[in-house]
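Novice: Encoded as C-alpha coordinates, here's the structure I'll be asking about.
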Amino acid sequence: MKTNTRTCLHLGTQYFAEPADPREKDVEDSSAQETKETKDKPENDGLPKSQEELDAIIEKRLRRERKKMQQAGGSSQQDSQTDRQESSDADTALKTANRELLIVRAQLEAYQNGVNPDAVSDAVCLAVMQAEKDGELDEEGVRDALKEVLKRRPEWQVKKDADSKGGFKVGVDTSGAEQAKGKGLPKGKVIF
(Lines give C-alpha, C1' and ligand atoms only; values in the text may rest on other atoms or scores of the structure.)
Protein backbone atom coordinates (compact mmCIF):
# COMPACT_ATOMS: atom_id res chain seq x y z
CA MET A 1 0.00 0.00 0.00
CA LYS A 2 1.16 3.23 -0.95
CA THR A 3 0.65 6.16 1.21
CA ASN A 4 0.72 9.46 -0.24
CA THR A 5 2.28 11.86 2.14
CA ARG A 6 2.46 15.36 1.30
CA THR A 7 4.41 17.92 3.01
CA CYS A 8 2.83 21.23 3.14
CA LEU A 9 4.84 24.28 3.13
CA HIS A 10 3.20 27.30 4.40
CA LEU A 11 4.51 30.27 2.65
CA GLY A 12 3.86 33.70 3.94
CA THR A 13 1.26 35.25 1.78
CA GLN A 14 1.31 38.92 1.14
CA TYR A 15 -1.86 40.65 0.61
CA PHE A 16 -1.94 43.99 -1.12
CA ALA A 17 -4.48 45.44 1.10
CA GLU A 18 -4.24 48.12 3.68
CA PRO A 19 -2.23 47.16 6.73
CA ALA A 20 -4.12 46.63 9.89
CA ASP A 21 -1.66 48.72 11.92
CA PRO A 22 -1.61 52.47 11.05
CA ARG A 23 2.10 52.77 11.94
CA GLU A 24 3.00 50.30 9.26
CA LYS A 25 1.19 52.47 6.75
CA ASP A 26 3.44 55.48 7.57
CA VAL A 27 6.56 53.37 7.14
CA GLU A 28 5.36 52.10 3.79
CA ASP A 29 4.49 55.62 2.62
CA SER A 30 7.91 57.04 3.57
CA SER A 31 9.80 54.20 1.90
CA ALA A 32 7.77 54.67 -1.26
CA GLN A 33 8.46 58.37 -1.19
CA GLU A 34 12.24 57.78 -0.74
CA THR A 35 12.24 55.37 -3.64
CA LYS A 36 10.49 57.91 -5.82
CA GLU A 37 13.03 60.65 -4.86
CA THR A 38 15.95 58.37 -5.54
CA LYS A 39 14.66 57.60 -8.97
CA ASP A 40 14.25 61.30 -9.72
CA LYS A 41 17.80 62.21 -8.55
CA PRO A 42 20.82 60.88 -10.33
CA GLU A 43 23.12 58.99 -8.02
CA ASN A 44 25.62 61.29 -6.26
CA ASP A 45 28.79 59.29 -5.69
CA GLY A 46 30.49 62.23 -3.99
CA LEU A 47 31.23 63.81 -7.34
CA PRO A 48 30.60 67.49 -7.85
CA LYS A 49 27.74 68.52 -10.06
CA SER A 50 29.32 71.69 -11.44
CA GLN A 51 32.73 73.08 -12.29
CA GLU A 52 32.51 75.52 -9.36
CA GLU A 53 32.03 72.68 -6.89
CA LEU A 54 34.96 70.84 -8.42
CA ASP A 55 37.17 73.96 -8.21
CA ALA A 56 36.16 74.47 -4.56
CA ILE A 57 37.05 70.88 -3.68
CA ILE A 58 40.41 71.13 -5.45
CA GLU A 59 41.24 74.45 -3.76
CA LYS A 60 40.37 73.03 -0.34
CA ARG A 61 42.61 70.04 -0.94
CA LEU A 62 45.47 72.26 -2.17
CA ARG A 63 45.25 74.45 0.95
CA ARG A 64 45.40 71.37 3.15
CA GLU A 65 48.44 70.00 1.30
CA ARG A 66 50.22 73.39 1.36
CA LYS A 67 49.70 73.55 5.09
CA LYS A 68 51.23 70.08 5.50
CA MET A 69 54.17 71.07 3.31
CA GLN A 70 54.80 74.23 5.32
CA GLN A 71 54.79 72.27 8.55
CA ALA A 72 57.12 69.66 7.11
CA GLY A 73 59.20 72.31 5.33
CA GLY A 74 59.60 74.27 8.56
CA SER A 75 61.25 71.35 10.33
CA SER A 76 63.53 70.63 7.36
CA GLN A 77 64.32 74.34 7.16
CA GLN A 78 65.30 74.27 10.83
CA ASP A 79 67.45 71.20 10.17
CA SER A 80 69.20 72.93 7.28
CA GLN A 81 69.76 76.04 9.43
CA THR A 82 71.26 73.83 12.14
CA ASP A 83 73.49 72.13 9.56
CA ARG A 84 74.62 75.52 8.22
CA GLN A 85 75.34 76.74 11.76
CA GLU A 86 77.39 73.63 12.55
CA SER A 87 79.25 73.99 9.26
CA SER A 88 79.91 77.65 10.00
CA ASP A 89 81.18 76.77 13.48
CA ALA A 90 83.48 74.12 12.03
CA ASP A 91 84.81 76.59 9.42
CA THR A 92 85.46 79.18 12.13
CA ALA A 93 87.28 76.64 14.28
CA LEU A 94 89.38 75.54 11.30
CA LYS A 95 90.30 79.12 10.41
CA THR A 96 91.27 79.81 14.02
CA ALA A 97 93.44 76.71 14.18
CA ASN A 98 95.14 77.58 10.86
CA ARG A 99 95.83 81.12 12.08
CA GLU A 100 97.36 79.86 15.34
CA LEU A 101 99.52 77.40 13.42
CA LEU A 102 100.68 80.19 11.12
CA ILE A 103 101.61 82.38 14.10
CA VAL A 104 103.56 79.58 15.82
CA ARG A 105 105.48 78.79 12.65
CA ALA A 106 106.27 82.49 12.16
CA GLN A 107 107.53 82.74 15.75
CA LEU A 108 109.79 79.73 15.27
CA GLU A 109 111.16 81.14 12.03
CA ALA A 110 111.72 84.56 13.62
CA TYR A 111 113.61 82.99 16.50
CA GLN A 112 115.74 80.94 14.10
CA ASN A 113 116.52 84.06 12.01
CA GLY A 114 118.01 85.96 14.94
CA VAL A 115 115.14 87.96 16.39
CA ASN A 116 115.60 88.73 20.09
CA PRO A 117 113.58 86.11 22.04
CA ASP A 118 111.91 88.86 24.08
CA ALA A 119 110.67 90.57 20.91
CA VAL A 120 109.63 87.51 18.87
CA SER A 121 105.92 87.61 19.81
CA ASP A 122 105.71 91.39 19.21
CA ALA A 123 107.44 91.15 15.84
CA VAL A 124 105.25 88.24 14.69
CA CYS A 125 102.07 89.96 15.88
CA LEU A 126 102.90 93.06 13.85
CA ALA A 127 103.87 90.94 10.86
CA VAL A 128 100.60 88.97 10.97
CA MET A 129 98.57 92.17 11.21
CA GLN A 130 100.47 93.62 8.26
CA ALA A 131 99.96 90.45 6.21
CA GLU A 132 96.21 90.50 6.96
CA LYS A 133 96.04 94.14 5.94
CA ASP A 134 97.79 93.32 2.67
CA GLY A 135 95.49 90.32 2.12
CA GLU A 136 98.41 87.87 2.07
CA LEU A 137 97.84 85.86 5.23
CA ASP A 138 100.02 82.86 4.45
CA GLU A 139 103.51 81.79 5.47
CA GLU A 140 105.26 83.70 2.74
CA GLY A 141 103.20 86.84 3.32
CA VAL A 142 104.01 86.76 7.04
CA ARG A 143 107.70 86.15 6.26
CA ASP A 144 107.82 89.22 4.02
CA ALA A 145 105.93 91.31 6.56
CA LEU A 146 108.33 90.18 9.30
CA LYS A 147 111.28 91.41 7.24
CA GLU A 148 109.57 94.80 6.94
CA VAL A 149 108.87 94.93 10.68
CA LEU A 150 112.51 94.13 11.47
CA LYS A 151 113.63 96.92 9.13
CA ARG A 152 111.49 99.38 11.10
CA ARG A 153 112.60 97.91 14.45
CA PRO A 154 116.28 96.91 14.09
CA GLU A 155 116.65 96.77 17.88
CA TRP A 156 114.57 93.58 17.90
CA GLN A 157 117.31 91.70 16.06
CA VAL A 158 120.09 90.07 18.04
CA LYS A 159 123.36 91.86 17.34
CA LYS A 160 126.26 89.67 16.42
CA ASP A 161 128.73 91.94 18.20
CA ALA A 162 126.72 91.63 21.38
CA ASP A 163 127.44 87.91 21.51
CA SER A 164 131.19 88.45 21.57
CA LYS A 165 131.24 91.38 24.00
CA GLY A 166 128.52 90.52 26.44
CA GLY A 167 127.94 87.46 28.56
CA PHE A 168 130.57 84.98 29.61
CA LYS A 169 132.57 82.21 28.00
CA VAL A 170 133.13 78.77 29.31
CA GLY A 171 136.80 77.84 29.38
CA VAL A 172 139.93 79.90 28.88
CA ASP A 173 140.70 81.95 25.79
CA THR A 174 144.31 81.18 25.03
CA SER A 175 144.57 82.68 21.60
CA GLY A 176 144.91 86.29 22.69
CA ALA A 177 147.08 85.66 25.75
CA GLU A 178 149.87 83.86 23.93
CA GLN A 179 150.17 86.46 21.25
CA ALA A 180 150.14 89.44 23.61
CA LYS A 181 152.87 88.32 26.00
CA GLY A 182 154.54 85.76 23.89
CA LYS A 183 154.31 83.32 26.76
CA GLY A 184 152.04 80.41 27.27
CA LEU A 185 149.96 79.69 30.29
CA PRO A 186 151.72 78.54 33.40
CA LYS A 187 151.95 74.83 33.79
CA GLY A 188 151.02 72.99 36.88
CA LYS A 189 148.04 72.09 39.06
CA VAL A 190 145.42 74.52 40.10
CA ILE A 191 144.03 74.08 43.58
CA PHE A 192 140.88 75.77 44.65
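Novice: Being within 19 Å of TRP156 (Cα to Cα), loosely packed, with under 15 Cβ neighbours inside 10 Å and charged (D, E, K, R): is that true of ASP138 here? Talk me through it step by step, then tell me what you get.
Specialist: Values: within 19 Å of TRP156 (Cα to Cα): no; loosely packed, with under 15 Cβ neighbours inside 10 Å: yes; charged (D, E, K, R): yes.
No: the conditions fail for ASP138.
Novice: Can you name the residue in region 87-107 that is closer than 15 Å to VAL142 by Cβ and not polar (S, T, N, Q) and is also surrounded by the most Cβ atoms within 10 Å (Cβ to Cβ) among such residues? Please lay out each step first, then the result.
Specialist: Filtering region 87-107 for residues closer than 15 Å to VAL142 by Cβ gives 98-107.
Okay, now just the ones that are also not polar (S, T, N, Q), so 99-106.
On the way: ARG99: 13, GLU100: 10, LEU101: 11, LEU102: 18, ILE103: 16, VAL104: 11, ARG105: 14, ALA106: 24.
Within region 87-107, the match that is surrounded by the most Cβ atoms within 10 Å (Cβ to Cβ) is ALA106.
Novice: Looking for whichever is outside any helix (DSSP H, G or I), at pLDDT 90 or above, out of contact with any helix residue (DSSP H, G or I) (no Cβ under 7 Å at 6 or more places or on another chain) and among the acidic types (Asp, Glu) here; the options are ASP118, ASP144. Which one fits? Quick ask: steps written out before the conclusion?
Specialist: Values: ASP144 fails: outside any helix (DSSP H, G or I).
Just a single option satisfies the conditions, and that option is ASP118.
Novice: Given the conditions (1) modelled with pLDDT under 90; (2) surrounded by 12 or more Cβ atoms within 10 Å (Cβ to Cβ); (3) part of a helix (DSSP H, G or I), report the number of the one that ARG84 does not fulfil.
Specialist: (2)
Novice: I would also like to ask the following. Sort out which residues of region 108-135 are surrounded by 18 or more Cβ atoms within 10 Å (Cβ to Cβ) and either touching a strand residue (DSSP E or B) at 6+ places or on another chain (Cβ under 7 Å) or of a type in the set (Phe, Trp, Tyr) (or both), and write them in order of number.
Specialist: VAL115, ALA123, listed by residue number.
The values are calculated or read from the model by the stated rules, or taken from the named source; none is laboratory data. Being a predicted model, the structure only gives us computed values, none of them experimental. Heads up, the Cβs are rebuilt from the backbone with ideal geometry, glycines too, and the neighbour counts pull from every protein chain shown.
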